[in-house]
Amino acid sequence: MNKKVTLEEIKNNPIVISFINSANEYLGIIGYTEHGFRHVSVVSALAANVLAYLGYPERMCELASIAGYLHDIGNVINRKDHGQSSAIIAMELLYEMGMPPEEIALIISAVGNHEEEIGEPINPVAAALILADKSDVNKNRVRNPKMISLDIHDRVNYAVERNFLEVLADKKIISLNLEIDTKLSSIIEYFEIFLPRMIMCRRAANYLGCKFEMIINGQKVI
């Protein structure tokens with residue numbers, strides 16, 4: 001059976017709800033930032049918007065949104081190799097929901113390639129997912145602000161007052177704009193931990209025929 005599985009159906013699926021809830025809880029126990037419904041909703045919307053602004057078909061944009069919503073579901077198993085775990089869970093789930101194999105392939109290949117250690121922008125959905133996921137750096141993801149002096153990841157996230165991923169289709173530029181409170185974390189600390197992610201974003205933007213730029217506190221740094 002082949003059917004048009006929608007993002008809303010994914011959001012309302014009880015397995016998806018339970019697994020994302022549990023995954024976020026488990027990551028909190030081992031000290032990771034928020035990876036729950038806030039994060040996956042942001043990534044889902046951003047991934048779809050990237051492709052929409054670049055003129056991709058509506059269905060391709062929805063597939064990107066579904067990939068964004070499911071990309072971290074494998075954290076319910078383990079943080080290590082969660083991209084692959086997420087892809088396998090997504091494959092089983094989407095197959096049971098009746099999605100066509102060619103659409104499943106696009107989504108699971110994107111999900112399985114979103115980690116910076118091993119990921120590559122191998123198709124438009126993967127490229128959009130990478131850009132959306134890696135741009136979600138924000139103080140709202142920090143679970144315990146009291147720990148920012150001890151954990152550089154929490155400190156950098158907490159210092160980001162605003163993040164905005166902008167697609168300038170006419171100029172072929174994808175720009176990540178950040179406002180960072182440098183009293184909490186220096187800009188060099190951001191690059192210390194997130195440089196591999198920014199390199200991955202550059203590759204993803206290049207795949208989409210665009211140049212990646214990064215602007216921090218009004219100054220272009222990449």
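The values are calculated or read from the model by the stated rules, or taken from the named source; none is laboratory data. The model shown is predicted, which means the values in this text are computed figures rather than measured ones. Every residue, glycine among them, receives a Cβ derived from its backbone with ideal geometry; neighbour counts consider all protein chains shown. Areas reflect the complete protein model, heavy atoms only, side chains present, ligands, DNA and RNA absent. Shrake-Rupley method; radii C 1.70, N 1.55, O 1.52, S 1.80 Å.
What the table shows:
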item: Packing rank of 114-125, 96-107, where each peptide gets the mean count of other beta carbons within 10 Å, highest leading; result: 114-125, 96-107
item: Positive-end residue, region 90-178 charge dipole about Cα centroid, Cβ charges, pick of 138, 105, 149; result: 149
item: Spherically averaged projected area in nm², based on the convex hull that wraps the Cα atoms of region 73-142; result: 5.2
item: For region 123-166, convex hull volume per residue from C-alpha positions, Å³; result: 69
item: nm² value of the averaged projected area, convex hull over the Cα atoms of region 74-201; result: 9.4
item: Taking region 107-222 and dividing mean pair separation by its residue count, relative contact order in percent (alpha carbons under 8 Å, at least six apart); result: 25
item: Estimated 222 nm signal from helices in the chain, with DSSP H stretches of n ≥ 4 weighted -39500 (n - 2.57), rounded to 500; result: -17000 deg cm²/dmol
item: Using a Förster distance of 41 Å, the FRET efficiency for residue 4-residue 183 (Cβ separation, nearest 0.05); result: 0.25
item: Of all accessible heavy-atom area on region 71-222, the percent that carbon and sulfur account for (1.4 Å); result: 54
item: Scaled radius of gyration (Cα, divided by 2.2 N^0.38 Å) that region 1-126 gives; result: 0.98
item: Distance cut-off 13 Å, percentage of C-alpha pairs in region 46-94 lying past it; result: 56
item: Over the chain, relative contact order from alpha-carbon pairs under 8 Å, at least 6 apart, %; result: 17
item: The chain: antiparallel DSSP beta bridges as a percent of all, rounded to 5; result: 60
item: Ranked by how many other beta carbons lie within 10 Å on average, peptides 81-89, 207-215 from highest; result: 81-89, 207-215
item: Within a Gaussian network of the chain (alpha carbon springs, distance under 10 Å), most fluctuating of 49, 12, 177; result: 12
item: When each of 4/172; 172/220; 134/220; 146/183; 134/211 is checked by Cα-Cα distance, pairs over 22 Å; result: 4/172
item: Longest to shortest principal axis, alpha-carbon extents of region 136-198, angstrom; result: 43, 20, 18
item: If the convex hull is drawn through the Cα atoms of the chain, its volume per residue in Å³; result: 105
